[in-house]
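Have a look at the structure that comes next, please.
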Amino acid sequence: MDYNKFFDNALGRLHDERRYRVFADLERIAGRFPHATWHSPKGPRPIVMWCSNDYLGMGQHPKVVGAMVETATRAGTGAGGTRNIAGNNHSLIQLEHELADLHGKEAALVFTSGYVSNQTGIATLAKLIPNCLILSDALNHNSMIEGIRQSGTQYLVFRHNDVAHLEELLRANPGRPTLIVCESLYSMDGDVAPLAKICDLAERYSAMTYVDEVHAVGMYGPRGGGIAERDGVMHRIDILEGTLAKAFGCLGGYIAGSAKMVDAVRSYAPGFIFTTALPPAICSAATAAIKHLKSSSWERERHQDRAARLKAILTAAGLPVMSSDTHIVPLFVGDPERCKKACDLLLEQHGIYIQPINYPTVPKGTERLRITPSPYHEDALIDGLADALVQVWEQLGLPLHAKPLAAE
Ligand SMILES: Cc1ncc(COP(=O)(O)O)c(C=O)c1O
């Protein structure tokens, strides 16, 4: 039996569908973010990263790096096992307190990634609620969909951010224990969920709410608690889920909510119980990032300023910026091959790294570049990106819109 043939066939299908993924060999440089090194086939080359989810550059912040080094030096590298075997390392406990405080909840529980927290968290919660019905936003992340599937409970999908449709589904299932599952900020379009209206409905129909704030924690709200904090509804949401790997610059995920809910997930979730805990050094680094962003608004303000400037400059250059209410700046391409080619040209000819976003991450025909400016993308880098994009757009025959006329 030629097993490799199966794999080769599977890879061939991806090539045929133009969605075989290639990852560049990159090396980040602490203290110089967003500058990095690309280990290209022709040797190392300097590049600028324009699509990192280290949204605020906290992965290089001296307090965060310092906490990681100090803890690793003091406590060693690994956690020594699952929490079941090795106990709670003290840094994890401190991190969970920090997270519970960030979200104003009784407790928080840390997992090895945001993906795992959604997958095992949602599956476990739904299994623990008898006859649970899950109502899930149509654009929810794969980790949430996997959690929903694994729960084995009935689920219905409501149209993206459509509260009228959500209410229809709630009304059709009166008196049934219901878990509403959505994101606060959708990372491919940069749009935001109507959280207050979702909370109104949840309260009216006695449903529980589970909100993924992965692309918002650290970046929105006066203390970085996310969109729910910004919108004044954090206390109305039952379960908040987040990551330590994006704005907090580290690794790991979590849920926060009532002490009973957290204790139940801790006690039943296989994705929590049967895997080695996060290393103490990562926990300390994440705690340092969260603490810093609770009191420092500089990163958040500068981040929004950079996003607004980038959108304005790209729009003025005639580039097809898709409308977004947040720091995510999607640029429409609408074709997988030219999307990939645009990224190759940006990297090879301009030293600019942006990953193409193709199906299945976004629907076919809506392929795009997803640009994420950070507080450290200076004006000159933004201007350089606009120039490079215009050149690439012209090279590939992609449409440029007429430039807006200057004000008279
Ligand atoms: C909405 C959403 N939730 C969860 C995750 C997974 O988070 P993590 O990268 O920490 O595994 C992602 C990853 O990008 C995401 O986009």
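Given the condition among the charged types (D, E, K, R) and farther than 30 Å from THR77 by Cα, answer yes or no: does some residue in the stretch 202-215 qualify?
The answer is yes, given that some residue of the stretch 202-215 is among the charged types (D, E, K, R) and farther than 30 Å from THR77 by Cα.
Provide a single number: the residues in the stretch 276-312 that are buried (at least 17 other Cβ atoms within 10 Å of the Cβ), polar (S, T, N, Q) and in a loop (DSSP other than H, G, I, E, B).
So the answer is 0.
Are any of the residues in the stretch 166-185 of a type in the set (D, E, K, R) and without any contact (Cβ under 8 Å) to a residue 24 or more places away in the chain?
Checked the stretch 166-185: at least one residue is of a type in the set (D, E, K, R) and without any contact (Cβ under 8 Å) to a residue 24 or more places away in the chain.
Okay, moving on. Name the single residue, out of those in the stretch 199-237 being part of a helix (DSSP H, G or I) and within 16 Å of the ligand (Cβ to nearest atom), that is surrounded by the most Cβ atoms within 10 Å (Cβ to Cβ).
ALA228
Identify, from the list ALA86, ALA24, ALA79, the residue that is surrounded by 22 or more Cβ atoms within 10 Å (Cβ to Cβ) and either away from the ligand (no atom under 16 Å from the Cβ) or without any contact (Cβ under 8 Å) to a residue 40 or more places away in the chain (or both).
Only one candidate passes the filter, namely ALA79.
If you take the residues of the stretch 238-250 that are more than 12 Å from the chain's Cα centre (by Cα) and within 16 Å of the ligand (Cβ to nearest atom), which of them is nearest to CYS283 (Cα to Cα)?
Here the answer is CYS250.
GLU183 - would you say it is crowded, with 18+ Cβ neighbours inside 10 Å and either among the acidic types (Asp, Glu) or within 16 Å of the ligand (Cβ to nearest atom) (or both)?
Yes.
If you take the residues of the stretch 378-394 that are under 15 Å from LEU331 (Cβ atoms) and either touching a helix residue (DSSP H, G or I) at 6+ places or on another chain (Cβ under 7 Å) or among the aliphatic types (A, V, I, L, M) (or both), which of them is surrounded by the fewest Cβ atoms within 10 Å (Cβ to Cβ)?
Across the stretch 378-394, the extreme among qualifying residues is VAL390.
Of all the residues that make up the stretch 110-154, how many are more than 13 Å from the ligand (Cβ to nearest atom) and in contact (Cβ under 8 Å) with a residue 60 or more places away in the chain?
The total comes to 7.
Which one of ALA30, ALA10 is in contact with a helix residue (DSSP H, G or I) (Cβ under 6 Å, 6 or more places away or on another chain) and either more than 25 Å from ASP335 (Cα to Cα) or hydrophobic (A, V, I, L, M, F, W, C) (or both)?
Answer to the selection: ALA30.
Have a look at SER297, SER267 and point out the one that is more than 16 Å from the ligand (Cβ to nearest atom) and more than 30 Å from MET208 (Cα to Cα).
It is SER297.
Same structure, new question: Please work out which one of (1) of a type in the set (Val, Ile, Thr); (2) closer than 26 Å to THR361 by Cβ; (3) crowded, with 17+ Cβ neighbours inside 10 Å is the condition VAL64 fails and give its number.
Looking at each condition in turn, VAL64 falls short on (2).
List the number of the failed condition for VAL321; all other conditions in (1) free of Cβ contacts under 8 Å to residues at least 40 places away in the same chain; (2) of a type outside the set (S, T, N, Q); (3) surrounded by fewer than 18 Cβ atoms within 10 Å (Cβ to Cβ) hold.
For VAL321, the failing item is (3).
Quick check on the stretch 345-356: of everything there that is assigned to a strand (DSSP E or B) and modelled with pLDDT of 95 or more, which residue is nearest to the chain's Cα centre (by Cα)?
Top of the filtered list is TYR353.
The values are calculated or read from the model by the stated rules, or taken from the named source; none is laboratory data. A quick note: this is a predicted structure, and the numbers were derived from the prediction, not measured. Virtual Cβ from ideal backbone geometry, glycine too; neighbours counted across all protein chains shown.
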